[in-house]
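What follows is a short report on a single structure.
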Amino acid sequence: MDGPDRPLKILVMSEGWQSALACIQSLGGKGHHIYTLAGAEVSINSRSSHVRGVAKFAGSRDLDSRAGFIMKLVAESGLDLVIPIRDVDARIVARCRKSSGDGERFVVGEEEAVELATSRNRTVELCRSLGIATPRTGFATLENAAAACERIGYPCYLKVSGTTASRGVFRLESEADLRAPLDVLARNAEFQIQEAVEGELVGVTGFCRDGALLAGFAFRSLRGTALGGTSPHAAIVEDPGLLDALGRIAQALNWTGGIDLDFIATPDGGHVLLEINPRLSGTTIFGLKRGVDLPAGYLPWARSASDLACPPENAEATGFVSLVEEARSFAKGGAETLAQAVAFRREHACVDNAFWDDPGYSRALFQMIQRIRLATAEAGNPA
């Protein structure tokens, strides 16, 4: 791989996610040639003027087949870099790294580190060893799940390993709620029972090389507005303790690549960790707009915090708006969510996920929001 003067051919996986958009804008804006990997439908992110082609997975869905598909795509297309976006992408890219021994093209932690990060039980064990607080947790089986719930106390959560965000998480108000999730779990499924901790969702995301945290930032989601892991609104959080926790976990995992931690902020001012995500947060665009360019860490010559700095749109921004998710929240919540959004924008100096110097993406973004607003109006929603 040549030096920084040569444009790289970069594959951004799971292109519909917000962190994929951050990678497209950051690296495409630097002149690199961006290709994306899509699911059944191609999102507005791939309409970006930076995107030169879109591929789709072919073949079976098992890990070895997916890794083989990526390796073949890399060889046939001459790709220099593959960026994982979802947790499953991290597992695929880690398998490619292991098979090829190429840690510059496949930038992710070792396969064992990825498996630890995606195991909710092993995450709790790691945090206990590092002195990082987690909610009270019991590791459970199908046979002892009811007893574990009684020990933790209701309400509580059943959380299945290998799932992310709200997927595989079941809130249990009483033993009657336990039947439905247990009926669909495999006998050897790894899961835990965890106490319900009330508070705001706080995230901290960063980029690491060989266990060292190069740069990162923390943020909180506006309560009750997150949709499928992406919140329409986020506010910056200035807490060195969150970056310290991220750095300690990165060191313990000897992590390379993007990483993201989800916390709950407790009423006493503390934080308890919910999960480790072995990839960048969907709110990475917020950092990019403030001058923290985490996607630049994937470039092979990025080795220090200065390599992850960029000209900010607004270095003092305290709020972030994800425009499509905000429009969808209006459609779902009507006047109440509209009032929340207005209050949030009044309270914060905001940036958003518009990139007006990218005509392809800008047109697609405008058209998407217009479609959502028209559908909302037709449904008679006052938002």
Picking from LEU308, LEU273, LEU288, the residue that is at pLDDT 95 or above, surrounded by 15 or more Cβ atoms within 10 Å (Cβ to Cβ) and under 30 Å from ASN121 (Cβ atoms) would be LEU273
Selection over the range 22-48 where residues are open to solvent by 70 Å² or more (accessible area, probe 1.4 Å) and either touching a residue at least 40 places away in the same chain (Cβ under 8 Å) or part of a helix (DSSP H, G or I) (or both) yields a count of 2
Only one of (1) among the hydroxyl-bearing types (Ser, Thr, Tyr); (2) in a helix (DSSP H, G or I); (3) buried (at least 24 other Cβ atoms within 10 Å of the Cβ) does not apply to SER65, and that is (3)
Filtering the range 300-332 down to residues that are touching a helix residue (DSSP H, G or I) at 6+ places or on another chain (Cβ under 8 Å) and assigned to a helix (DSSP H, G or I) yields ASP307, LEU308, LEU323, VAL324, GLU326, ALA327, ARG328, SER329, PHE330, ALA331
Inside the range 231-242, the number of residues satisfying the requirement of being without any contact (Cβ under 8 Å) to a residue 60 or more places away in the chain and open to solvent by 10 Å² or more (accessible area, probe 1.4 Å) is 5
Residue hits (the range 333-361; at pLDDT 90 or above, surrounded by 14 or more Cβ atoms within 10 Å (Cβ to Cβ) and either assigned to a loop (DSSP other than H, G, I, E, B) or out of contact with any helix residue (DSSP H, G or I) (no Cβ under 9 Å at 6 or more places or on another chain) (or both)) are PHE344, ARG345, HIS348, ASN353, ALA354, PHE355, ASP358
So, first residue more than 16 Å from ALA75 (Cα to Cα) and open to solvent by 10 Å² or more (accessible area, probe 1.4 Å) in the range 90-119, second residue β-branched (Val, Ile, Thr) and modelled with pLDDT of 95 or more, Cβ within less than 6 Å, six or more apart or across chains; the pairs are ARG91/VAL114
Kindly check whether there is at least one residue in the range 73-88 that is more than 22 Å from GLU190 (Cβ to Cβ), of a type in the set (Asp, Glu) and in a helix (DSSP H, G or I).
yes
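Is it true that GLY297 is part of a helix (DSSP H, G or I) and within 27 Å of ALA250 (Cα to Cα)? Steps first, answer last, please.
Numbers: part of a helix (DSSP H, G or I): yes; within 27 Å of ALA250 (Cα to Cα): yes.
In short, yes.
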If you go through MET13, MET71, the only one that is aliphatic (A, V, I, L, M), touching a residue at least 60 places away in the same chain (Cβ under 8 Å) and in contact with a helix residue (DSSP H, G or I) (Cβ under 6 Å, 6 or more places away or on another chain) is MET13
Of the candidates ALA245, ALA252, the one satisfying the condition of being out of contact with any His (no Cβ under 7 Å at 6 or more places or on another chain), part of a helix (DSSP H, G or I), at pLDDT 90 or above and open to solvent by 40 Å² or more (accessible area, probe 1.4 Å) is ALA252
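The values are calculated or read from the model by the stated rules, or taken from the named source; none is laboratory data. Not measured: the values here are computed from a predicted model. With ideal geometry, Cβ positions are generated from the backbone for all residues, glycine too; neighbour counts draw on all protein chains shown. Heavy atoms of the whole protein, side chains included, go into the accessibility calculation; ligands, DNA and RNA do not. Shrake-Rupley method; radii C 1.70, N 1.55, O 1.52, S 1.80 Å.
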